[in-house]
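Shown below is the structure under consideration.
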Amino acid sequence: MRQVVILGSTGSIGVSTLSVLAAHPQDYKVLALTAATQTKKLLQQCLEFKPRYAAMLDNNAAKMLAAELKHAGSHTEVLSGIEALCQLAAHPDADMVMAAIVGSAGLLPTLAAVEQGKTVLLANKEALVMSGELFISKVKQHGATLLPIDSEHNAIFQCLPANLQLNTHAQTLQDFGINKLLLTGSGGPFLCKALTEFSQITPEQAVAHPNWSMGHKISVDSATMMNKGLEFIEARWLFNCQADDIEVVIHPQSIIHSMVQYSDGSVLAQLGQPDMRTPIAHALAFPKRIASPVAPLNFKQMRDFTFTEPEPERYPNLYLAMSACAAGQGATTALNAANEVAVAAFLAKQIRFTDIARINSNSLEHFAGFQVAALDDILALDQDARQYAQLQLRKCV
Ligand code: NAD
Ligand code: MG
């Protein structure tokens, strides 16, 4: 029986994780669930999965949750604040930690799990984008096991030789005859939209992804393809490679989740439904396999598979992220922070869709030369870049 902590259990990945765990009650026990503010949803999850702990970022929400749980006769202990999230991520009884908080807020709890040498199931790509070098050095130092949840990285992981899968940091892809990681992306909802209409795109249109159902922030990132840019940086750190080793390919059907190209001309791909419960089940059971509630692919009904190159004018954010990746840690930290501010402002209808790239580009230009290594410097740069992006918002009005 393996004990699992889910950071961000009320989100899209959190709910998908609970759905896989519910199918395997003999093998996994939920030790702790955490959320920011969604009391009702966390209450319902606590009553169903009976975790030993629940934690909320918000103190008042935690008080409400504790009162409701007591009233329902539950024994779940309720904690609150960022320290509580970190404590639970590092809990001695936790075998696995699902890192599924969205954005930079996930960094500290995820690092807390890494520092205890846990098996970390990493969905929170922003943590690696913000602090890749530091994060990976801590994984090595504390002997943590990092299993990618992001469907592309999970696909690449599955296509790597077994000797390399958990040992990417001691060896290079070239040692195993790997020429390229081919990161696939659907192109999002605006793959065929006229560029002249981009400034009129609404948040409702941007979050309506054609293939995947996800949280709002990542859905907007998918529409701008900043998501693929963040994934490019994530792949650079997860698989110990450089920007030149990674190529982005648009595959609108979202059936091939990514590929690995070998020097002999072979390309290995992982295919499946666009449903996060497949990579989640893979990582939960690794190196074994367990059933997930996902329907198998039916090749008799499969449509054509198509592939194109992402157009720079359509997806400027992708190219900003790729150049930040080449520029270094300061650039990726600043770009991630600016993007979080810009996406939140777009969702709040304060700026236009096309302003996201403008804010990101200005911020990247401003902070590109910054070099950061220590955690405090990374957190300080994150704050500075947020403030800078906030100032840019005013210029968009
Ligand atoms: P979501 O918005 O649906 O859920 C986010 C979760 O994080 C919620 O439980 C929320 O309560 C919690 N949270 C938000 N802000 C917080 C804060 N400040 N402190 C503590 N907790 C906080 O997001 P999601 O779509 O589930 O994505 C989660 C992460 O997984 C993101 O980093 C995303 O990029 C990554 N990811 C998601 C998908 C997907 O299909 N949804 C796929 C790949 C990767
Ligand atoms: Mg992905």
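I need 209, 153, 71 ordered by Cβ neighbour count within 10 Å, fewest first.
So the residues, fewest neighbours to most, are 71, 209, 153.
Hey, got the dipole for the range 64-188? About the Cα centre, +1 on K and R Cβ, -1 on D and E Cβ, debye to the nearest 20?
Here the size comes out at about 200 debye.
Hey, another quick one. Of the listed pairs 63/125; 217/300; 70/228; 180/395; 63/288, which have alpha-carbon separations greater than 32 Å here?
217/300; 70/228; 180/395; 63/288
Also, I was wondering about something else. For the pair residue 36 and residue 72, what calculated FRET efficiency results from E = 1/(1 + (r/R0)^6), where r is the Cβ-Cβ distance and R0 = 22 Å, to the nearest 0.05?
E between residue 72 and residue 36, to the nearest 0.05, is 0.55.
Pop the C-beta distance of residue 204 and residue 397 into the FRET formula with R0 = 25 Å and round what comes out to the nearest 0.05.
Efficiency, rounded to the nearest 0.05: 0.75.
Find, among the trypsin sites (Lys or Arg not before Pro) in the range 101-199, those assigned to loop by DSSP (not H, G, I, E, B) with at most 16 other beta-carbon atoms within 10 angstrom.
Those that pass, being in a loop and sparsely packed, are 193.
In addition: Rounded, prolate or oblate: which one fits the chain, using the alpha carbon gyration tensor with axes a ≥ b ≥ c (rounded when a/c is under 1.5, else prolate when a/b beats b/c, else oblate)?
Rounded, because the longest to shortest axis ratio a/c is under 1.5.
Treat each spin label as a single point 7 Å out from the Cα along the C-beta direction, and report the residue 165 to residue 350 distance in nm.
Each label point is offset 7 Å from its Cα along the Cβ direction, giving 4.4 nm.
Quick one: Cα centre-to-centre distance for the range 157-205 and the range 263-292, in angstrom?
Answer, in whole Å: 15.
Counting only helical runs of four or more DSSP H residues, what would the 222 nm mean residue ellipticity of the chain come to if each run contributes -39,500 (n - 2.57) and the total is spread over all its residues?
-14500 deg cm²/dmol
Quick note: the coordinates plus some simple rules give every number you see, no bench work behind them. Worth saying up front: this structure is predicted, and the values here are computed from it rather than measured. Counting neighbours? That spans all protein chains shown, and the Cβs are built from the backbone with ideal geometry, glycine included.
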